[in-house]
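Chemist: Please read through the structure below; I'll follow up with questions.
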Amino acid sequence: MAPFNYTGTSHSVFILLGIPGLEEQHLWISLPFFISYLVALFGNITLILVIIAERSLHEPMYLFLCMLAAADLILSTTTVPKALAIFWFRAGAISLDGCVTQIFFIHATFIAESGILLAMAFDRYVAICDPLHYSTVLSHVVIVRIGLAVVLRSFCVILPDVFLVKRLPFCRSNVLPHTYCEHMAVARFACADIRVNVWYGLSVLLSTVVLDALLILISYGLILHTVFRLPSRGARQKALGTCGSHLGVISMFYLPGIFTIITQRFGQHVPLHTHILLANVCMLAPPMLNPIIYGIKTRQIRERVLSSLSSQWKLC
């Protein structure tokens, strides 16, 4: 891309269109957004409160799950309320600073979730492959350090995005065909060379989310190798059963993103509104489904929630 020298006025406000081509259906589209957000709020807040209140759940796997629920709350709250404002009130205006803030929290939280899923895979690896040293390897101090490392990594790799976007002049259209601000979607509207943005964004993706996914695959490869060497069928089923919830959450996190990337790269004839809907699925599905998956699959969490609901029902 040739250098672009620009000395004119740069846009300081953008207009988010929502889902282009489906403006007439925005009210109906808002219903699954609203319901998903309510489920995500209720489910993740409940999960956090149950894990904090129940001492028997103060184990590494559940503490990591608590971190994941907090990240889900941030991710959904960063995107869905603005999307609903667009659908209900056509309030698509957002300042450049607001847009950059949304970019930071979306990408930082997404990378944090990837790091937490990697930590959960490591937890399952130690629990199954080295159970005698489980409490030593994953002490509460180690868990705190892992949590801090996840947050610091997300902050450090995404903070440059803020400056990379802020430095760009926006002299073209300020209308963004999306429900939220995304780094490259915004950068493409700049009247300047964005190669640094492109290459930095790709390097961040490869060094965080892709690397995490590879390490998770390696962890589960080692787990399966250990599980299939267990002497009894019951022991194998029990070991695999402890991984079921985590595998479901991993699938909900990575598969929509992979499918979105494939359609963006190779689906030139796919309508724009389909791309936008898929991108929103990546934001909506994990926060909504994660607490449901763990609530159904984890007996301690399920029993605690049912007990709380039962006591509330008796009080009423």
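The values are calculated or read from the model by the stated rules, or taken from the named source; none is laboratory data. Computed from a prediction, not measured in an experiment: that's the story for all the values here. Glycine gets a Cβ as well: all are built from the backbone with ideal geometry, and neighbour counts include every protein chain shown. For the accessible areas, the whole protein counts, side chains as well, though only heavy atoms, and no ligand, DNA or RNA atoms are used. Shrake-Rupley method; radii C 1.70, N 1.55, O 1.52, S 1.80 Å.
Chemist: So for each of 174-181, 88-95 I average, over its residues, the number of other beta carbons within 10 Å; can you give me the resulting order with the highest mean first?
Modeler: So the peptides 174-181, 88-95, ranked by packing, come out 174-181, 88-95.
Chemist: Further question: Enumerate the amide H contacts of residue 93 below 5 Å, restricted to partners 5 or more residues apart or on another chain; note that Pro and chain-start residues carry no placed amide H.
Modeler: For residue 93, whose amide H was placed from the backbone, the distant partners under 5 Å are 16.
Chemist: Considering the dipole of the range 42-188 built from charges on the beta carbon (Lys and Arg +1, Asp and Glu -1) around the Cα centre, which of 102, 175, 88 is farthest to its positive end?
Modeler: Result: 175, furthest along the dipole toward the positive end.
Chemist: Tell me, what ³J(HN,Hα) does each residue in the range 177-185 have, in order and in whole Hz, if you take phi through Karplus 6.51 cos²θ - 1.76 cosθ + 1.60 with θ = phi - 60° and put x for Gly and Pro?
Modeler: Karplus values, whole Hz, x for Gly and Pro: x, 7, 9, 8, 7, 10, 3, 6, 5.
Chemist: Can you classify the range 201-316 as rounded, prolate or oblate using the Cα gyration tensor, where a ≥ b ≥ c are the square roots of its eigenvalues, rounded means a/c under 1.5, and otherwise it's prolate if a/b beats b/c and oblate if not?
Modeler: Since a/c reaches 1.5 but b/c is at least a/b, the shape of the range 201-316 is classed as oblate.
Chemist: If I compute solvent accessible area with a 1.4 Å probe over the protein chains, what percent of it on the chain is carbon and sulfur?
Modeler: 70
Chemist: Using the Karplus curve 6.51 cos²θ - 1.76 cosθ + 1.60 with θ = phi - 60°, work out ³J(HN,Hα) for each residue of the range 162-171 in order, rounded to whole Hz, and write x for Gly and Pro.
Modeler: Once θ is set to phi - 60°, the couplings for the range 162-171 become 4, 6, 5, 7, 5, 6, 7, x, 10, 10 Hz.
Chemist: Explain nothing, just the number: dipole magnitude of the chain about its Cα centre with +1 on each Lys and Arg Cβ and -1 on each Asp and Glu Cβ, in debye rounded to the nearest 20.
Modeler: 540
Chemist: Specify whether the C-alpha gyration tensor of the range 236-303 places it in the rounded, prolate or oblate class, a ≥ b ≥ c being the square roots of the eigenvalues: rounded for a/c under 1.5, otherwise prolate if a/b is larger than b/c and oblate if not.
Modeler: It comes out oblate by the Cα gyration axes.
Chemist: Hey, can you find the accessible area per residue of the chain for me, probe 1.4 Å, expressed in square angstrom?
Modeler: 52
Chemist: Mind listing the long-range amide H neighbours of residue 175? Cut-off is under 5 Å, sequence gap 5 or more, other chains count too, H placed in the peptide plane at 1.01 Å from N.
Modeler: Residues meeting the criterion, in which the H sits 1.01 Å from N, are 15.
Chemist: Right, next: What are the ³J(HN,Hα) couplings of the range 81-91, residue after residue, when phi is run through the Karplus curve with 6.51, -1.76, 1.60 and θ = phi - 60°? Round to Hz, x for glycine and proline.
Modeler: Going residue by residue, I get x, 5, 4, 5, 5, 5, 5, 8, 10, 6, 8 Hz, with x marking Gly and Pro.
Chemist: Find the Cα radius of gyration of the chain, compare it with 2.2 N^0.38 Å by division, and give the number to two decimals.
Modeler: Output field value: 1.10.
Chemist: Hey, with R₀ at 35 Å, roughly what FRET efficiency would residue 251 and residue 90 work out to, going by the Cβ-Cβ distance, to 0.05?
Modeler: Once the sixth-power term is evaluated, E becomes 0.50.
Chemist: Ranked highest first by the average count of other Cβ atoms within 10 Å around their residues, in what order do 146-156, 96-106 fall?
Modeler: Final packing ranking: 96-106, 146-156.
Chemist: Next up: Among 244-254, 215-225, how do they line up by average Cβ neighbours within 10 Å per residue, starting with the highest?
Modeler: Result, highest mean Cβ count within 10 Å first: 244-254, 215-225.
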